1. Only residues that are without any contact (Cβ under 8 Å) to a residue 24 or more places away in the chain and basic (Lys, Arg): list them for region 39-69, please.
2. From the list Trp36, Trp53, which residue is open to solvent by 30 Å² or more (accessible area, probe 1.4 Å) and either out of contact with any Gly (no Cβ under 7 Å at 6 or more places or on another chain) or of a type outside the set (S, T, N, Q) (or both)?
3. Only residues that are crowded, with 19+ Cβ neighbours inside 10 Å and within 18 Å of Val120 (Cβ to Cβ): list them for region 92-110, please.
4. Could you list, in sequence order, the residues of region 25-48 that are more than 25 Å from Asp62 (Cβ to Cβ), of a type outside the set (Ser, Thr, Tyr) and touching a Lys or Arg at 6+ places or on another chain (Cβ under 9 Å)?
5. Go through (1) farther than 22 Å from Gln1 by Cα; (2) part of a loop (DSSP other than H, G, I, E, B); (3) open to solvent by 40 Å² or more (accessible area, probe 1.4 Å); (4) in contact (Cβ under 8 Å) with a residue 24 or more places away in the chain for Leu86 and report which single condition fails.
6. Return a yes/no flag: does region 11-30 have any residue that is of a type in the set (Ser, Thr, Tyr), open to solvent by 30 Å² or more (accessible area, probe 1.4 Å) and under 16 Å from Val120 (Cβ atoms).
7. Across region 89-124, which residue is nearest to Arg45 (Cα to Cα) among those that are outside any strand (DSSP E or B) and of a type in the set (Val, Ile, Thr)?
8. Can you tell me which residues in region 1-54 are farther than 21 Å from Asn112 by Cβ and either in a loop (DSSP other than H, G, I, E, B) or touching a Pro at 6+ places or on another chain (Cβ under 9 Å) (or both)?
Amino acid sequence: QVQLVESGGGLVQAGDSLRLSCVVSGRTSSPYAMGWFRQAPGKEREFVAAINWSGDSINYADPVKGRFTISKDNAKNAATLQMNGLKPEDTAVYFCVADRLGYASTRTGSYNFWGQGTQVTVSS
């Protein structure tokens, strides 16, 4: 079975950086697209960033453009989200997602595999 494990969340101050990691286990050589979604307290789950297998298709949500960078290491079955210039509004539980897609989908329904989530809290 496919399992996704996230790590790297924590409590930081505004302007600081965090690097989230996601490791996929139980998979073969499937060409997974991977991404990140987040859900803030009392808010709907929203798209953050996604990247396809080859890395030539990448999408970012407008609020994180220029601040967050998604990357993928296919050999290690892992994805990362480098978050710079964090703002209090970035506070949320961040979920890693994956599925066998040929594109970096921005929709939650496109991904069948989800991680457990990791908390990111940004204080002002």
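The values are calculated or read from the model by the stated rules, or taken from the named source; none is laboratory data. Model, not experiment: these values are computed from the prediction. With ideal geometry, Cβ positions are generated from the backbone for all residues, glycine too; neighbour counts draw on all protein chains shown. Quick note on the areas: whole protein, heavy atoms, side chains included, nothing else; ligands and nucleic acids left out. Shrake-Rupley method; radii C 1.70, N 1.55, O 1.52, S 1.80 Å.
1. Lys65, Arg67
2. Only one candidate passes the filter, namely Trp53.
3. Ala92, Tyr94, Phe95, Cys96, Val97
4. Within region 25-48, Pro31 is the sole residue that qualifies.
5. Condition (3) is where Leu86 drops out.
6. From region 11-30, those of a type in the set (Ser, Thr, Tyr) are 17, 21, 25, 28-30; that's our starting set.
Okay, now just the ones that are also open to solvent by 30 Å² or more (accessible area, probe 1.4 Å), so 17, 21, 25, 28-29.
Next, from what is left, pick out any that are under 16 Å from Val120 (Cβ atoms): 17, 21.
Yes, some residue in region 11-30 is of a type in the set (Ser, Thr, Tyr), open to solvent by 30 Å² or more (accessible area, probe 1.4 Å) and under 16 Å from Val120 (Cβ atoms).
7. In this case the residue turns out to be Thr108.
8. Gly8, Gly9, Ala14, Gly15, Asp16, Ser17, Ala40, Pro41, Gly42, Lys43
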